[in-house]
Amino acid sequence: MTIQTLNPTEKDLWFLPLGGTGEIGMNMNLYGHAGQWLMMDCGITFQAPLCTEDEAKTSHLHKHDVVAADPSFISQRKEQLAGIVITHAHEDHIGALPYLWRRFKCPVYTTKYTAEILRRKLGRDGFGDNIPIIEVETGERVDIGVFNVEWQLITHSLPEPHAIVIRTPVGYVFHTADWKIDLAPVTDKPFNPNTFKQLAKQNILAMVCDSTNATREGHSVSEQQCYKGLKHAVENAKGRVVVGCFSSNIARLISLAKIAQETGRYFALFGRSLQNTVGAAKATGHWPDGLPVLDAFNCGYLLPNEVLAVATGSQGEPRAALNQLAKDTYRSVALEAGDLVIFSSIVIPGNEESIENLIKAYHARNIQTLTADQSELPIHASGHPCQEELKQMYNWVQPQIAIPTHGEIEHLQANAEIASQCHIPLSLTGLNGDLFKLAPEIKLHKQAVRAGRIALQQS
């Protein structure tokens, strides 16, 4: 099969991942049917080389600030691209769109909060009004070219995360995107199993499923449990408290704002991306009334035990607020001995050294740190399903085919094993660039398309 022949007919239903399968990040997926393609997400990763991590160890290639999956295959066929669906507002699902949309020039479909985040990103680049963003509601079904697309609310770690059902005359696909089973998610409604139990009645051909935590036993921690752990840490702190977490995690930010109120502290944000996220949440009704946010500049005038701030840079990013605070170069406030920095996040593989160096810089100034591994109570909750949640979803949906995605090879294999234990008839495990033929025949074509990476920003 050559790249020129990759044109799906009316009898075909194809899945083609360009990014995010065999790796965590840079999600870019294509579905093909009747001469058209549908893109699912368009994400980025940070500080990554333009090759695999193993290749980078020997090639000494420069790491780039912002990296995306190579979209050449579909940009060369942009007239066949019916639309782009964004499942939620995390950078590894939405971040490449402002850079790449000019290559596609097709409508973008997403929900209100994600659309607000996207418009703010596009506005900074000066062409936000040029991109047709079509807002959809939970439960809505929309025809995008030859594809009928339905948005189903799921739980994750930010407002309005959605799984997607893609319907064609030759088969239905359930695309989970990022998800977990959270009965106390802080944002949006609790997880509703009935939504997904109904899919078993619809003869789902394939379930394309998040594999991030497929190697972890048990059930993921609820966001509500994370709230209890963070409150305990803040209550016992004597000086300033600064929390590092992912800027997009609105649930965590709401929890921390409530904790600030309950412990007699002022809540502030250190870093532009955090301010943009909270601004979008306020604009779309996802930020609770009565949770004030103090201007970061004013923190310098407060007593140490009056400050609870959230800062960017939990992965050790060199220009982020946590790094500036460690070097005592942050313009709004200075940390002192006895203050506490909490890392309310996981360590993304590849960032171990930068985070370790950041923690050492704080310790050199007698500033305390607390990581998720050190805390007796949960201070970070993953937004992805562990093994028991995956089992539940497979048992509810009962697809004919399991397609693990959103993970490295070991995660994909673990997900496939779970699907087998749940008596799913077939699992197809592949990588970026592999073509998953789902109809009329089921077949996996290895490396049907060149799957690479491109640099979007470089220091």
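The values are calculated or read from the model by the stated rules, or taken from the named source; none is laboratory data. Note that this is a predicted model, so its numbers are computed, not measured. Here the Cβ is made from the backbone with ideal geometry for all residues, glycine too, and neighbour counts use every protein chain on show.
Which pairs do you get when a residue that is part of a strand (DSSP E or B), found in the range 79-92, comes within reach of a residue that is buried (at least 24 other Cβ atoms within 10 Å of the Cβ) and of a type in the set (D, E, K, R), reach meaning Cβ atoms under 9 angstrom, with the pair 6+ apart or on two chains?
ILE84/ASP41; VAL85/ASP41
If I filter the range 3-22 for residues that are surrounded by 19 or more Cβ atoms within 10 Å (Cβ to Cβ), of a type in the set (D, E, K, R), modelled with pLDDT of 90 or more and within 30 Å of HIS384 (Cα to Cα), do I get at least one hit?
Scanning the range 3-22 turns up no residue that is surrounded by 19 or more Cβ atoms within 10 Å (Cβ to Cβ), of a type in the set (D, E, K, R), modelled with pLDDT of 90 or more and within 30 Å of HIS384 (Cα to Cα).
Could you tell me how many of the residues in the range 214-236 are modelled with pLDDT under 95 and among the basic types (Lys, Arg)?
The number of residues fulfilling the criteria is 1.
From the set of residues in the range 88-123 that are more than 20 Å from HIS384 (Cβ to Cβ) and charged (D, E, K, R), which is surrounded by the fewest Cβ atoms within 10 Å (Cβ to Cβ)?
ARG102
When you look at LEU358, is it surrounded by 22 or more Cβ atoms within 10 Å (Cβ to Cβ), in contact (Cβ under 8 Å) with a residue 60 or more places away in the chain and more than 27 Å from ARG119 (Cα to Cα), yes or no?
Answer is no for this residue.
Quick test for you: out of VAL278, VAL307, pick the one residue that is touching a residue at least 12 places away in the same chain (Cβ under 8 Å) and touching a Lys or Arg at 6+ places or on another chain (Cβ under 8 Å).
VAL307
What about ASP178, is it closer than 28 Å to ILE379 by Cα and in a loop (DSSP other than H, G, I, E, B)?
Here the answer is yes, as ASP178 does meet what is asked.
Identify, by number, the condition in (1) within 15 Å of ASN213 (Cα to Cα); (2) touching a Gly at 6+ places or on another chain (Cβ under 6 Å) that ILE379 doesn't meet.
Only one criterion is unmet by ILE379, namely (1).
Restricting to the range 92-106, what's the tally of residues that are touching a Gly at 6+ places or on another chain (Cβ under 8 Å) and aromatic (Phe, Trp, Tyr)?
Result for the range 92-106: 0.
What are the residue pairs meeting all of these: first residue in the range 317-334, first residue β-branched (Val, Ile, Thr), second residue surrounded by fewer than 19 Cβ atoms within 10 Å (Cβ to Cβ), Cβ atoms under 7 Å, and 6 or more apart or on different chains?
From the range 317-334, the pairs are VAL333/GLY300.
From the list GLY271, GLY239, GLY316, exactly one residue is touching a helix residue (DSSP H, G or I) at 6+ places or on another chain (Cβ under 6 Å), over 26 Å from GLU116 (Cβ atoms), modelled with pLDDT under 95 and of a type outside the set (D, E, K, R). Which is it?
Every option except GLY316 fails the conditions.
Table: residues versus (1) out of contact with any strand residue (DSSP E or B) (no Cβ under 8 Å at 6 or more places or on another chain); (2) outside the structural domain of GLY19 (by TED's automatic domain parsing); (3) surrounded by fewer than 19 Cβ atoms within 10 Å (Cβ to Cβ).
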{"site": "LEU158", "(1), (2), (3)": "yes, no, no"}
{"site": "PRO169", "(1), (2), (3)": "yes, no, yes"}
{"site": "PHE191", "(1), (2), (3)": "no, no, no"}
{"site": "ASN203", "(1), (2), (3)": "no, no, yes"}
{"site": "MET207", "(1), (2), (3)": "no, no, no"}
{"site": "ALA214", "(1), (2), (3)": "no, no, no"}
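Can you tell me which residue in the range 218-240 is surrounded by the most Cβ atoms within 10 Å (Cβ to Cβ), limited to those that are under 25 Å from GLY300 (Cβ atoms) and of a type in the set (Gly, Ala, Ser)?
ALA237
Criterion first (of a type in the set (Lys, Arg), modelled with pLDDT of 90 or more and outside the structural domain of ARG252 (by TED's automatic domain parsing)) does ARG77 satisfy it?
Yes.
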